[in-house]
Amino acid sequence: MSSKPISPSGTESVALCGVLLAAGSATRFGGHKLLAPLMGGTPVAVAAAMNMVAALTQVVAVVRPGDERLAELLRQCGAEVLFCRDAHRGMGHSLACAINATPAATGWVVGLADMPAIRPQTIAAIAGEVASGAAIAAPCYRQKRGHPVAFAAQWRAQLQALSGDQGARSVIERQRHQLVLIECDDEGVLLDIDCPADLKGVSGFSSRDNHNDEQGR
């Protein structure tokens, strides 16, 4: 596992395919967590999708069957929607479904729809690292690994074989020596929405927000 600082470049689109996992049941939240509004009114999953779409040329959002309202909102953001009939069986099934549906992808950036505050710049940097030859890449904020995680196409078979609720964690653990951590000043890589109280103070980031940040440096 190696570590390097994030480049202060813009959010130019990168060719890896984004996978936004938006099929969780969120029973602990007490409602449809991904449709809950952040500050300013943007739904949680919409903010996450907008950030990913700003950084990548293709984004596939995995949604539970019947979740038509969420699906429509994600389409409006520019994401392709994939209904996963096995989503109830866990995150691993959802991710495998997305990998199977994108056979031409040269790699994937796997993000969670309940993490709405990751800057597009960060997503682009992680994707760019794998596009440049890294096997696996993830952001690191204050020595803690965060999301999203990018995978090269060499892990296609292992990702396709995922099941249950572990997601890609097992792949990362087995290949930890090939993981490149990108140091960043983006606390959004650690911020997920678990309960209504987590919504306070979170507005998410957009490509315009990130552009303004760059201009102000």
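Near the amide H of Val19, within less than 5 Å, lie the amide hydrogens of Val60, Val109, Val110, Gly111, all on another chain or at least 5 residues away, with H placed in the peptide plane.
Rounded to the nearest 20 debye, the dipole size of segment 39-189 about its Cα centre is 320 debye, using +1 on the Cβ of Lys and Arg and -1 on the Cβ of Asp and Glu.
Between Arg142 and Ser163, take the C-beta separation as r, use R0 = 35 Å, and let me know the FRET efficiency to the nearest 0.05. For R0 = 35 Å, the calculated efficiency reads 0.60.
Shape class of segment 13-112 from the alpha-carbon gyration tensor: oblate, with a/c at 1.5 or above and b/c at least as large as a/b.
Read-outs throughout are calculated quantities, based only on the coordinates presented, and are distinct from any laboratory measurement. Predicted model only: the values in this text are computed from it and were never measured. Every residue, glycine among them, receives a Cβ derived from its backbone with ideal geometry; neighbour counts consider all protein chains shown.
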